[in-house]
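Asker: Below is one structure. I have some questions about it.
The values are calculated or read from the model by the stated rules, or taken from the named source; none is laboratory data. As the structure is a computational prediction, the values presented were derived from the model and not from experiment. Using ideal geometry, Cβ is built from the backbone for each residue, glycine included, and neighbour counts are taken over all protein chains shown. All accessible areas refer to the heavy atoms of the entire protein, side chains included, with ligands and DNA or RNA removed. Shrake-Rupley method; radii C 1.70, N 1.55, O 1.52, S 1.80 Å.
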Amino acid sequence: MKSFLSKPRPGGAANADSADARPRGGVRALVAGAAVAALGLGLAACGGSDSDASSGDGSGGTIDLVAYSTPQTAYEESIEPAFSESSDGSGVDFQNSFGASGDQSRAVEAGLPADVVHLPLEPDMTRLVEAGLIDANYTDTEYNGGTQNSVVVFVTRPGNPEGIDSWDDLVTGEVEVITPNPFTSGGARWNLMAAYGSQIEQGKSEEEALASWTGVFSSTCWTNASARDALQTFIGGKGDVLLSYENEALGAIDAGEELDYVVPDETILIETQAAVTTEADDPEAAQAFLDFQISDEGQRLWAENGYRPVNEKILAEYSDEFPEPKNLFTIEDFGGWETVATEFFDPAEGSVAEIERNLGVATE
């Protein structure tokens, strides 16, 4: 079992509340504002002129980035400034939207302007592929469409007073677990699949692994839509343990929050995906931004913000900070997201919805 603190690096930040979105995308653009307002997304504008158009050759312009909630600080304080100072990104500004994965995907589908989309769940990317907003071959890249990885960890109070070291410690009925809503948050789905997989790794049957969820759910408070919101709930004093991305724990600790965390022996590799949209104003500039993220410089910036590089060479440079868990598994071990989304997370017939209904928990 490994429990460790991070080296100094930029910390986390809450979502901003507004953005000036550039109209684009025909009918979808007309409904984007209403869709975003209905979903309650947090938007953050980071400069730039609506009339600018980047050409990918260092001539400036604006890139609209739509992403899940947790990498906001990494993007705004590290990745974007470094790209803007590079030859390919010279003078480029960003308009950003960060929020729960499912909400973000639906907002882009409804017309939220996006040049680059970065989400943690393949089904949320697939929705945009089916809408014609992302090329179907977006995963045909060196790292299968990825720019960074993470793992699910236990975030605890300082010194881990409840002695939470394993998944079994979450089902004793003596600790309150914080995790976001699995029907809005990609992070929540990774958390639950980590819990499920931990039981399989211990030799349990699929039925026993599903049964173990009842114990976790009985101890869980999930009133938050996103992983970032759940972190803020935990920082605010609610709960004994937070299921979260490793990078969230690192960022919060480095921001001065009094927390600790444990990487359990059994956990899942969180593989996120990013793509240029088919409606990007300047697809060359948008692609240059993605290419920068998987360059050696970009990979080190992700590592310095608590994310595991997808480049194995760069990951090896940070082996002391990102030790490999004893039993690390992937979503492919359960049939991939297409299978998992249906069998586990379908809001009408999935295993999660059934367990929640049995416990009297709303699935919306």
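Asker: Under the condition of being closer than 16 Å to Asn247 by Cβ and assigned to a helix (DSSP H, G or I), which residue from segment 311-329 is nearest to the chain's Cα centre (by Cα)?
Answerer: This residue is Leu315.
Asker: For segment 109-123: of the residues being of a type in the set (A, V, I, L, M, F, W, C) and open to solvent by 10 Å² or more (accessible area, probe 1.4 Å), which is nearest to Gln293 (Cα to Cα)?
Answerer: Our first condition is that a residue be of a type in the set (A, V, I, L, M, F, W, C); within segment 109-123, this holds for 110, 112, 114, 116-117, 119, 121.
Narrowing further to those that are open to solvent by 10 Å² or more (accessible area, probe 1.4 Å): 110, 112.
Values: Ala110: 27, Leu112: 23 Å.
Looking at the filtered set, the residue picked out is Leu112.
Asker: Output the residues belonging to segment 183-207 that are more than 16 Å from Glu343 (Cβ to Cβ) and open to solvent by 10 Å² or more (accessible area, probe 1.4 Å).
Answerer: Thr184, Glu201, Gln202, Gly203, Lys204
Asker: Another question, then. Could you grab the pairs with beta carbons closer than 6 Å, sequence gap of 6+ or different chains, first residue in segment 199-216 and closer than 19 Å to Asn358 by Cβ, second one of a type in the set (A, V, I, L, M, F, W, C) and buried (at least 17 other Cβ atoms within 10 Å of the Cβ)?
Answerer: These pairs meet every condition: Gln199/Ala209; Ala209/Ile200; Trp213/Ile355; Thr214/Ile355; Gly215/Val171; Val216/Leu170; Val216/Val171; Val216/Ala195.
Asker: Test Ser90 against the criterion of being modelled with pLDDT of 90 or more and open to solvent by 40 Å² or more (accessible area, probe 1.4 Å), and give yes or no.
Answerer: Details: modelled with pLDDT of 90 or more: yes; open to solvent by 40 Å² or more (accessible area, probe 1.4 Å): yes.
Yes.
Asker: Test Thr126 against the stated conditions and say whether it is polar (S, T, N, Q), farther than 30 Å from Ser219 by Cα and either crowded, with 20+ Cβ neighbours inside 10 Å or touching a residue at least 24 places away in the same chain (Cβ under 8 Å) (or both).
Answerer: Details: polar (S, T, N, Q): yes; farther than 30 Å from Ser219 by Cα: yes; either crowded, with 20+ Cβ neighbours inside 10 Å or touching a residue at least 24 places away in the same chain (Cβ under 8 Å) (or both): yes.
Here the answer is yes, as Thr126 does meet what is asked.
Asker: Would you pick out the residues in segment 129-160 that are surrounded by fewer than 15 Cβ atoms within 10 Å (Cβ to Cβ), without any contact (Cβ under 8 Å) to a residue 12 or more places away in the chain and either within 26 Å of Gly306 (Cβ to Cβ) or not small (Gly, Ala, Ser) (or both)?
Answerer: Glu130, Asn137, Asp140
Asker: Now, a different point. Where residues in segment 103-146 are touching a Phe, Trp or Tyr at 6+ places or on another chain (Cβ under 7 Å) and in a loop (DSSP other than H, G, I, E, B), which of them is nearest to Gln299 (Cα to Cα)?
Answerer: The qualifying residue nearest to Gln299 (Cα to Cα) is Gly145.
Asker: Is it fair to say Ser244 is hydroxyl-bearing (Ser, Thr, Tyr) and in contact with a strand residue (DSSP E or B) (Cβ under 6 Å, 6 or more places away or on another chain)?
Answerer: On the way: hydroxyl-bearing (Ser, Thr, Tyr): yes; in contact with a strand residue (DSSP E or B) (Cβ under 6 Å, 6 or more places away or on another chain): yes.
Spelling it out, Ser244 is indeed hydroxyl-bearing (Ser, Thr, Tyr) and in contact with a strand residue (DSSP E or B) (Cβ under 6 Å, 6 or more places away or on another chain).
Asker: Please go through segment 303-331 and give me each residue that is farther than 14 Å from Ile268 by Cα and among the aliphatic types (A, V, I, L, M), ordered by number.
Answerer: Ala303, Val310, Ile314, Leu315, Ala316 - these are the residues of segment 303-331 that are farther than 14 Å from Ile268 by Cα and among the aliphatic types (A, V, I, L, M).
Conditions tested, residue by residue: (1) of a type in the set (A, V, I, L, M, F, W, C); (2) at positive phi; (3) open to solvent by less than 30 Å² (accessible area, probe 1.4 Å).
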position: Phe217; (1), (2), (3): yes, no, yes
position: Thr220; (1), (2), (3): no, no, yes
position: Ala230; (1), (2), (3): yes, no, yes
position: Asp240; (1), (2), (3): no, no, no
position: Ser244; (1), (2), (3): no, no, yes
position: Ile270; (1), (2), (3): yes, no, yes
position: Ala274; (1), (2), (3): yes, no, yes
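Asker: Restricting attention to segment 320-345, and to residues there that are touching a residue at least 60 places away in the same chain (Cβ under 8 Å) and under 19 Å from Ser166 (Cβ atoms), which single residue is surrounded by the most Cβ atoms within 10 Å (Cβ to Cβ)?
Answerer: Only one residue fits best here, namely Pro325.
Asker: Can we say Ala285 is assigned to a helix (DSSP H, G or I) and in contact (Cβ under 8 Å) with a residue 12 or more places away in the chain?
Answerer: Numbers: assigned to a helix (DSSP H, G or I): yes; in contact (Cβ under 8 Å) with a residue 12 or more places away in the chain: yes.
Yes: the conditions hold for Ala285.
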